[in-house]
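Where a number appears in this text, it was derived from the coordinates with a stated rule and is not lab data. Small disclaimer: the values here were computed from a predicted structure and weren't measured. Cβ: placed from backbone, ideal geometry, glycine included. Neighbour counts: every protein chain shown.
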Amino acid sequence: MTGWNINGLQVGTHVDGTINNPADVDKGWTVEIKIPLTVLKECSGPTGLPKAGDRWRIDFSRVEWRTLIENNSYVKEINPATGKSFPEDNWVWSPQGRIDMHMPEMWGFLQFSSIEAGHGTEAFIPDPDFSIKWALRMIYYAEMRYYMQNNTYASSLEDLGLKKSDFPDELPVPVLESTRSAFESYFPSVEADTIWTIFQDGRLVKK
C-alpha cells in the first residue's frame with residue numbers, strides 16, 4: 001500500500017452513539033474529509049492542478065467484519081468450516097465489479113467544478129472515450145491472464161479468447177503488438193490524429 005502524507009488534510013467525525021459498546025444501540029456516524037486542492041498537483045502529472053470539468057477516478061472503502069458479543073465486547077465471528085474468521089465485507093462508494101480496491105479503472109468518477117460547494121449544481125459530463133478505454137482494459141485483463149499461464153504475452157485476439165464482437169460495434173479490430181516481456185494494443189483510426197494505447201503496466205496513453 002502506498003502512503004501519502006496529505007499536507008493540510010482536515011478530518012471531521014461525528015458518532016451518534018458510543019464506540020465499541022455492545023450494550024446500547026447506535027444511530028450512525030459520519031466522516032468528512034477535506035483535501036486541499038494544491039496537494040493534488042503531485043497526482044496530476046504534467047497537466048497541473050485539476051480544472052473545472054476534469055474527471056478523476058476515486059473510490060472509498062470501509063471494511064466491516066462479522067462479529068459476536070462475548071463478555072460485553074465485540075469479537076470476530078469464526079467460520080466453523082475453516083476455523084478462521086469470516087472474510088470481511090467491503091463497503092464502497094461505487095460498484096467495483098469484484099472484491100479488489102486496487103483497480104482504479106473500476107472506481108467511480110469525480111468531476112471537478114468551479115461552483116462553490118452549496119451554491120449550485122451542474123450536470124456530469126461522461127468521458128467521450130470511455131467505451132474505447134474499457135475495450136482496451138478488456139484486452140489488458142486478458143493479456144494479464146495469458147501471461148500468468150504462458151510467461152509471455154499474446155499477439156492475437158484468438159490467443160486471448162477474444163473476438164471482434166466482444167467490443168463495441170463502432171470499433172475496428174484492435175492491433176496487438178507483443179514481445180515476451182511487453183505488449184501494447186490500440187484501435188487504429190484514420191480519422192483521429194491521436195489514439196489511445198494500453199501497455200503491459202496498465203497505462204493508457206493518448207498519442
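Do any GluC sites (Glu not before Pro) in the stretch 115-161 lie in a loop, going by DSSP, with at most 14 other beta-carbon atoms within 10 Å of their beta carbon, and if so which?
Numbers: sites: E116, E122, E143, E158; in loops: E116, E122.
Answer by residue number: E116, E122.
If each residue's Cβ is checked for other Cβ atoms within 10 Å, how do V25, V92 rank with the fewest at the top? Provide the component values of the computation, followed by the final result.
Numbers: V25 8, V92 15.
Result, fewest neighbours first: V25, V92.
Quick one: F183, F130, F199, fewest Cβ neighbours within 10 Å first, how do they rank? The partial results should precede the final answer.
Values: F183 22, F130 11, F199 15.
If I rank by nearby Cβ atoms, fewest first, I get F130, F199, F183.
How many angstrom lie between the C-alpha centres of the stretch 127-196 and the stretch 72-114?
If you average the Cα positions of each part, the centres end up 29 Å apart.
Which values of log₁₀ I(q)/I(0), to two decimal places, follow from the Debye formula for the chain at q = 0.09, 0.12, 0.15 Å⁻¹ with a uniform point scatterer at every Cα?
-0.58, -0.92, -1.16
When averaged across all projection directions, what area in nm² does the alpha-carbon convex hull of the stretch 50-126 cover?
Details: hull surface 34.3 nm².
Average projection, Cα convex hull of the stretch 50-126: 8.6 nm².
How much FRET efficiency would the formula 1/(1 + (r/R0)^6) give for A123 and N7, where r is the Cβ-Cβ distance and R0 is 35 Å, rounded to 0.05?
The value I calculate is 0.60.
In the structure shown, do any of K51/K133; K51/K206; K27/K51; K164/K207; K27/K76; K41/K207 have a Cα-Cα gap over 27 Å, and if so which?
Details: K51/K133 21 Å; K51/K206 19 Å; K27/K51 38 Å; K164/K207 23 Å; K27/K76 22 Å; K41/K207 22 Å.
Correct reply: K27/K51.
Count neighbours as other Cβ atoms within 10 Å of each site's Cβ, and list the trypsin sites (Lys or Arg not before Pro) in the stretch 66-101 that are DSSP loop with at most 12 such neighbours.
R98
Net charge within 10 Å of R66 by Cβ-Cβ distance, Lys/Arg positive one each and Asp/Glu negative one each, not counting R66 itself? Write down the numbers at each step before the final one.
Numbers: positive: K76; negative: E64, E77, E88, D89.
Its environment carries a net charge of -3.
From the phi angles alone, apply the Karplus equation (6.51, -1.76, 1.60; θ = phi - 60°) to the stretch 140-157 and give each ³J(HN,Hα) in whole Hz, x where the residue is Gly or Pro.
4, 4, 5, 5, 5, 5, 4, 5, 4, 8, 10, 6, 7, 9, 7, 10, 8, 4
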